[in-house]
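Quick notes on the structure that follows.
The values are calculated or read from the model by the stated rules, or taken from the named source; none is laboratory data. Remember, predicted model here, so these are calculated numbers, not experimental data. Because the Cβ atoms are built from the backbone with ideal geometry, glycine has one as well, and the counts that use them run over all protein chains shown.
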C-alpha cells in the first residue's frame with residue numbers, strides 16, 4: 001500500500017516539475033527556426049514581458065534590424081519597412097540576476113536608461129562579458145532572460161549576413177531577415193547539452 005502511495009506521489013511531483021519547466025518560444029525566421037528557453041526564476045519581469053509580446057502576435061513580421069558578427073543579432077521592434085511598432089511600458093532592469101551574456105544567450109535590448117527595455121531583444125553570438133551587470137559604464141548591464149536551445153546554426157547564419165547602414169539604422173541586413181512567427185511551445189523540447 002505504501003509503495004503505491006509513494007509511486008503516486010513521485011508521479012505527481014514529476015508532473016509538477018514538468019509544469020514548472022521554463023517556457024520555450026519558437027521563432028520561425030526566413031533563415032530557419034530558433035527555439036528559446038526562458039528563465040522565469042531568474043528574470044521573471046523580462047520573461048513575462050517577452051511572453052506578453054509573443055502571445056499578442058507582436059513579433060510576427062518583425063525583422064532583425066541590427067546584426068553585428070562577433071557581437072549580437074537584435075530584433076523585436078521594426079517591420080520590413082523599418083517602421084517601429086508601438087510598445088508596452090518599459091520594464092525594470094533585471095541584469096543582476098546571475099545570468100551572463102554568453103554565446104547564444106537571450107537578453108533585453110534597451111536605451112541608455114537602464115529601465116527602458118520594451119519589446120526589443122538580442123541574441124549574443126559571442127561571449128559578451130562587458131554587457132553583464134554592473135556594466136563597464138556603470139549603467140547596470142543588459143538583462144539575460146533566456147538562451148537558444150535549438151537553432152544555433154540559424155543564429156550563425158543570421159550573424160553572417162551582409163549588412164549596411166540605412167538612415168538611422170546601422171548594421172542592417174541588406175536582405176531582410178524576418179521573424180515570420182513567435183509561438184510558445186506547448187510541448188517543450190529537451191535542450192542539447
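Kindly indicate whether any position in segment 42-55 is touching a helix residue (DSSP H, G or I) at 6+ places or on another chain (Cβ under 6 Å), under 22 Å from residue 90 (Cβ atoms) and either free of Cβ contacts under 8 Å to residues at least 24 places away in the same chain or surrounded by 15 or more Cβ atoms within 10 Å (Cβ to Cβ) (or both). Within segment 42-55, not a single residue is touching a helix residue (DSSP H, G or I) at 6+ places or on another chain (Cβ under 6 Å), under 22 Å from residue 90 (Cβ atoms) and either free of Cβ contacts under 8 Å to residues at least 24 places away in the same chain or surrounded by 15 or more Cβ atoms within 10 Å (Cβ to Cβ) (or both). Going through segment 134-144 one residue at a time, which ones are surrounded by fewer than 18 Cβ atoms within 10 Å (Cβ to Cβ) and either on the phi < 0 side of the Ramachandran plot or part of a strand (DSSP E or B) (or both)? Across segment 134-144, the qualifying residues are 134, 136, 137, 139. Taking the criterion of being free of Cβ contacts under 8 Å to residues at least 40 places away in the same chain, farther than 13 Å from residue 148 by Cβ and crowded, with 19+ Cβ neighbours inside 10 Å, the residues of segment 93-117 that qualify are 109, 110, 114.
Just the residues that are assigned to a strand (DSSP E or B) and touching a helix residue (DSSP H, G or I) at 6+ places or on another chain (Cβ under 7 Å), please, taken from segment 26-41.
Residues satisfying the conditions are 29, 32, 33, 34, 38.
Note on segment 56-77: residues that are touching a strand residue (DSSP E or B) at 6+ places or on another chain (Cβ under 7 Å) and either in a loop (DSSP other than H, G, I, E, B) or under 24 Å from residue 185 (Cα atoms) (or both) total 11. Go through segment 145-168 and give me each residue that's closer than 22 Å to residue 105 by Cα and either assigned to a helix (DSSP H, G or I) or out of contact with any strand residue (DSSP E or B) (no Cβ under 7 Å at 6 or more places or on another chain) (or both). Selection gives 152, 153, 154, 155, 156, 157, 158, 159, 160.
It is to be established whether one or more residues within segment 10-25 are in a strand (DSSP E or B) and either farther than 26 Å from residue 88 by Cα or at pLDDT 95 or above (or both). Yes; the residues of segment 10-25 include at least one that is in a strand (DSSP E or B) and either farther than 26 Å from residue 88 by Cα or at pLDDT 95 or above (or both). Checked against the criterion of being farther than 29 Å from residue 45 by Cα and in contact (Cβ under 8 Å) with a residue 12 or more places away in the chain, the candidates 182, 160, 133 yield just one match: 160.
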